[in-house]
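A short write-up of the structure that comes next.
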Amino acid sequence: MATLTHEDSQMGTVIVLNGASSAGKTSLLTAVQQSLHPPFLEAGLDKFLWMLPAQYRRAPLWDEVMGRGYEAGAVGHQLVKGMHQAIASLSKAGSNVIADHVLIEPTWLTHCAEALAGLPTLFVGVVCPLAVLEQRERARGDRTLGQAARQHAVVHRGARYDLVIDTSQMSPAEGAAVIARHLEDCGPSYAFNTGRYSAA
């Protein structure tokens, strides 16, 4: 288990994993949590979606969240804005945080950058070929078919990552080891700092 330290012990490290549905973010997140010490709190998109009343997680109200898979509704925008602020608050309180995300809206990337600017944040792209995404989506049986393809076309738009993990080439444990090694060797980056990263 990798033990992380960095100079600013007052702020927790943040890891943001961004990728399309079925890209392997959840498996990678779990592997990272198991491999790093001190612990990382999971504060990803699914955790916040499950805070919604149950009726918002199915049609027709799902369209108010992110029902089209590439274009969010008003409820989705509000939810994600709160998620970014919550992650920032956890880091400022000294907790390490890992969040899997689906940055399908340009405004989400902008707000994420604004909320996490100045915090030790590692921004990781989670990718795999479209054919692999679609095969995983079919195999899972609990996803709307076509969602992965729609997200694949937009989710990495405008993003500039510290690391890119191709889950068709690495197991979750291997991807987690790459992330841990980067944090040990380089320390946490400040991926969204003004001047280093522009979300525009």
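Structure summary
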item: Top-ranked residue in segment 57-83 [being outside any helix (DSSP H, G or I) and touching an Asp or Glu at 6+ places or on another chain (Cβ under 6 Å); ranked as surrounded by the fewest Cβ atoms within 10 Å (Cβ to Cβ)]; result: Gly73
item: Subset of segment 9-56 (residues that are within 17 Å of the chain's Cα centre (by Cα), under 17 Å from Ala115 (Cα atoms) and assigned to a loop (DSSP other than H, G, I, E, B)); result: Gly12, Thr13, Ala43, Gly44
item: Single unsatisfied condition, Lys92 versus (1) over 23 Å from Asp166 (Cα atoms); (2) touching a residue at least 12 places away in the same chain (Cβ under 8 Å); (3) touching a helix residue (DSSP H, G or I) at 6+ places or on another chain (Cβ under 6 Å); result: (3)
item: Condition broken by Pro120, with the remaining ones in (1) touching a Leu at 6+ places or on another chain (Cβ under 9 Å); (2) within 15 Å of Leu17 (Cα to Cα) satisfied; result: (1)
item: Leading residue by the ranking (modelled with the lowest pLDDT) among those in segment 140-153 that are of a type outside the set (Asp, Glu), closer than 16 Å to Lys25 by Cβ and surrounded by fewer than 19 Cβ atoms within 10 Å (Cβ to Cβ); result: Arg143
item: Within segment 1-45, considering residues that are charged (D, E, K, R) and modelled with pLDDT of 95 or more, the one farthest from Glu134 (Cα to Cα); result: Glu42
item: Residue satisfying condition, being under 22 Å from Glu42 (Cα atoms) and in a loop (DSSP other than H, G, I, E, B), within set Gly158, Gly175, Gly94; result: Gly94
item: Scan of segment 59-72 for residues that are more than 26 Å from Val97 (Cα to Cα) and without any contact (Cβ under 8 Å) to a residue 24 or more places away in the chain, ordered by number; result: Ala59, Pro60, Leu61, Trp62, Asp63, Glu64, Gly67
item: Checking Gly158 against (1) more than 14 Å from the chain's Cα centre (by Cα); (2) modelled with pLDDT of 95 or more, the condition it does not meet; result: (2)
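The values are calculated or read from the model by the stated rules, or taken from the named source; none is laboratory data. From a predicted model like this one, the values you see are computed outputs, not experimental measurements. Glycine also receives a Cβ, built like all others from the backbone with ideal geometry; neighbour counts cover every protein chain displayed.
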